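We did not get these values from a lab; they are worked out from the coordinates using the rules stated. If you're wondering where the values come from, they're calculated on a predicted model, not measured in any experiment.
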Amino acid sequence: MLRILMMLIGFALLALGGWACYAWWTAIVIAVKALLAIGLVLVGLVLVVFGISEIAGARPAKRSVE
C-alpha cells in the first residue's frame with residue numbers, strides 16, 4: 001500500500017513540476033542562465049588558483065647557504 005501511495009505522490013509531484021515549468025518558463029530560463037554564469041565564474045576561479053599553485057610548485061626550491 002505504501003508503494004502505491006508513494007507512486008501516486010510521485011506522479012502528482014511530477015505533474016505539478018511539469019505544470020510549474022510550463023507556467024514559469026521565463027523565470028526558469030533566467031535562473032538557469034544565472035546558475036550557468038555563476039558556475040562559469042567559479043570554475044574559472046578554481047582553474048586560476050590551480051594554475052598558480054602548479055606554477056609555484058614547478059619552480060625549483062631555493063637552496064639555503066649554510
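Taking 0.36 nm per residue of sequence separation and subtracting the Cα-Cα distance, how much length would be gained by fully extending the chain between S53 and A23, in nm to one decimal?
6.1 nm
Once Rg and Dmax of the Cα atoms in Å is worked out from the coordinates, which option in [x] 25.1, 80; [y] 15.1, 43; [z] 11.2, 34 does it equal?
Read-out from the structure maps to [x].
To test your reading of the geometry: what angle, between 0 and 90 degrees and rounded to tens, separates the Cα axis of helix 2-23 from the longest principal axis of the chain?
Helix 2-23 and the main axis of the chain meet at about 80 degrees.
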